[in-house]
Structures are given as structure tokens and as C-alpha cells.
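Enquirer: Sending over a structure as C-alpha cells; questions will come in a sec.
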Amino acid sequence: MRRDFTLRELAACAGREVAVGDWHLVTQEQIDLFARATGDFQWIHTDPVRARATPAGSTIAHGYLTLSMLSRFRTDAIRVTDAAHSVNYGLNRVRFTAPVPVDHRIRARFTLASAAFAEKQAAWQFEWLCVVEIDGSARPACVAEAISLYYPATPSP
């Protein structure tokens, strides 16, 4: 479920979990499309027959596919009503802590670690702790510290 915030309301949430996204089913088609887009055809991702013999018992999503979905998960979970647009600014730390088997659902939890207006960029800088969960698993698929910039629709602060 998506939550709406103004930039100032979101900034006031620093130190708290802000949103939990909806579940998303990871399909073989999606994994194959990612492989084509990136040129990463490692068999654990693209060969279901061979992957059956692995501990996962199936193909698994690319770690970078899981990571790249953070943008979608955040957009689906959080809407900033007074931002003209936002951009991904970077990552501080990323860990892939468990594989995502094909046909499993994942979602992300977003905790706002810090928020500040960045004069140099004329934008709000939000640092997020992102945890990608696998439905039915105690271990997350990915834990990442992501930075996003939100540009106000009108000058700030």
C-alpha cells in the first residue's frame, strides 16, 4: 500500500520505518529479460533443468535484479506529493544475504535513516535502509543503504 508524504513530512520520519511495499512475484520471464538486458546468462539464473540440482532447487533471480527493483518498490510504496521528481543518487552498502528462487514473492521495507536538504543539489537527500524480504523466508534477499534525491516542485526549504 502506497503512503503519501510531503518532503517535510517524510524528512520528519528519519529513524523510523516509513513503508512496506506490496509483494511481487519473480518469474522466469523476468529473470530471462534481465539476463538479456545485462548479458548475464549464468546458468543458475537461466537454465531451470540444471538449476534443479542446486540447493535452491530452481533458478534464482540475479542479485542485481533484486537490487534494481528497489526503485520500483520505493515508487510503489512511497509518493512524495510536493516533489517535481526524484533520482537515485547512489548506494553506500549492499549485501545479498539469500537467493530469490524463481516463482517466489519479494517485497521491500524502507526505513528512513536520515534526511537533509542538500543545498548543492537544491534537493532533499534521503538515506534509506532497504530490506528486501522473501515471502516465507526468515532471511532477507538483500539489505542495502540507498540514497535518493527529491527535487521540490517549488524552491525549498
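Enquirer: Can you find a residue that is free of Cβ contacts under 8 Å to residues at least 24 places away in the same chain and not acidic (Asp, Glu) anywhere in segment 105-114?
Expert: Scanning segment 105-114 turns up no residue that is free of Cβ contacts under 8 Å to residues at least 24 places away in the same chain and not acidic (Asp, Glu).
Enquirer: So which of Trp128, Trp124 ends up being at pLDDT 95 or above, within 12 Å of the chain's Cα centre (by Cα), of a type outside the set (Ser, Thr, Tyr) and over 27 Å from Pro48 (Cα atoms)?
Expert: Trp128
Enquirer: For Ala98, are the conditions met, namely being farther than 17 Å from Val20 by Cβ, crowded, with 16+ Cβ neighbours inside 10 Å and not basic (Lys, Arg)?
Expert: yes
Enquirer: Quick one: in segment 19-77, of everything that is part of a helix (DSSP H, G or I) and among the basic types (Lys, Arg), which residue is farthest from the chain's Cα centre (by Cα)?
Expert: Result: Arg50.
Enquirer: In addition: If you check Ala61 against the conditions, is it within 19 Å of Asp22 (Cβ to Cβ), among the small types (Gly, Ala, Ser), touching a helix residue (DSSP H, G or I) at 6+ places or on another chain (Cβ under 7 Å) and surrounded by 14 or more Cβ atoms within 10 Å (Cβ to Cβ)?
Expert: For Ala61, the condition - within 19 Å of Asp22 (Cβ to Cβ), among the small types (Gly, Ala, Ser), touching a helix residue (DSSP H, G or I) at 6+ places or on another chain (Cβ under 7 Å) and surrounded by 14 or more Cβ atoms within 10 Å (Cβ to Cβ) - is met.
Enquirer: With respect to Arg109, is the statement that it is surrounded by fewer than 16 Cβ atoms within 10 Å (Cβ to Cβ), of a type outside the set (A, V, I, L, M) and assigned to a strand (DSSP E or B) true?
Expert: no
Enquirer: May I ask you to list the residues in segment 119-137 that are surrounded by 12 or more Cβ atoms within 10 Å (Cβ to Cβ) and either free of Cβ contacts under 8 Å to residues at least 24 places away in the same chain or under 18 Å from Ala153 (Cβ atoms) (or both)?
Expert: Gln121, Ala122, Ala123, Trp124, Gln125, Phe126, Leu129, Val131
Enquirer: Let me ask something else. When only residues in segment 10-62 that are without any contact (Cβ under 8 Å) to a residue 24 or more places away in the chain and of a type in the set (Lys, Arg) count, which is nearest to Ser114 (Cα to Cα)?
Expert: By that ranking, first place goes to Arg36.
Enquirer: Somewhere in segment 83-90, is a residue touching a helix residue (DSSP H, G or I) at 6+ places or on another chain (Cβ under 7 Å) and under 20 Å from Lys120 (Cβ atoms)?
Expert: Yes: one or more hits.
Enquirer: May I ask you to list the residues in segment 78-106 that are charged (D, E, K, R) and part of a strand (DSSP E or B)?
Expert: Arg79, Arg93, Arg95, Arg105
The values are calculated or read from the model by the stated rules, or taken from the named source; none is laboratory data. All values derive from a computational prediction rather than experimental measurement. Backbone-built Cβ (ideal geometry, glycine too); neighbour counts: all protein chains shown.
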